[in-house]
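Values quoted throughout were computed directly from the atomic coordinates according to the rules given, and no laboratory measurement underlies them. Bear in mind the structure is a predicted one, so any value in this text is a computation, not a measurement. Cβ placement follows ideal geometry from the backbone for every residue including glycine, while neighbour counts extend to all protein chains displayed.
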Amino acid sequence: MSLILTSRHGYVTVLEDPGVPGVICLDYPKTIATWPAFEDIKCIITRVQLQLPENFQFQHAVGGQIYLYTFGSRIGEVTVTGLAFGQACADGPQCGAQGAAVESHGIDELVVFYKSRRVSVSSSAIVVALGKNTCFNGYMVGLFTDVLDPKIDLYQFSMRLHVDPGSINCP
């Protein structure tokens with residue numbers, strides 16, 4: 001595991017630390033590629049949100065009784081949030097600066113990743129692994145991006161996956 005710390009614009013420090021409490025893995029079953037390495041996609045995951053709602057109804061009756069009706073679980077949602085960079089910043093503060101040669105932007109690579117895995121293109125589930133023993137079958141249903149800091153060519157993104165509540169076990 002790594003801790004990623006920013007000290008100033010254009011520089012990121014990575015510390016190897018086995019104490020980071022969790023792992024996320026976006027993985028297609030079988031032979032299709034997983035979440036790419038930073039060198040390939042120029043994006044990092046900074047936040048993962050999980051929602052697992054239930055399908056229920058409370059009914060208040062005359063006389064003070066309260067009845068609870070349950071109808072099973074509803075479809076859940078995982079939101080993966082992160083940052084997309086203009087280019088790797090190993091050589092100094094020229095990351096994404098005007099006039100710097102940028103072959104591709106992290107946001108371009110992220111859109112390619114999304115378009116090849118969205119639910120309208122592939123009906124195969126993506127295995128989303130959180131922590132050590134929690135896995136879900138998910139379907140990529142949305143991507144949102146916005147410019148976080150145009151001066152340093154930094155984007156923020158959120159990918160939405162709908163998850164099957166009955167698939168909460170690692171294979």
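Here are the numbers for the structure shown:
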quantity: Vicinal HN-Hα couplings computed from phi for the range 63-74 (Karplus, 6.51 cos²θ - 1.76 cosθ + 1.60; Hz; Gly/Pro x); calculated: x, x, 6, 10, 10, 10, 10, 10, 10, x, 9, 9
quantity: FRET E, pair residue 115, residue 158, Förster distance 22 Å, beta-carbon r, rounded to 0.05; calculated: 0.90
quantity: Full-stretch length increase - residue 62, residue 148 - with 0.36 nm per residue and alpha-carbon distance subtracted; calculated: 25.6 nm
quantity: Gain on full stretching of the segment that runs from residue 132 to residue 79 - 0.36 nm per residue minus C-alpha separation; calculated: 17.2 nm
quantity: Sequence ranges 69-82, 131-144, ranked by mean other-Cβ count within 10 angstrom, highest first; calculated: 131-144, 69-82
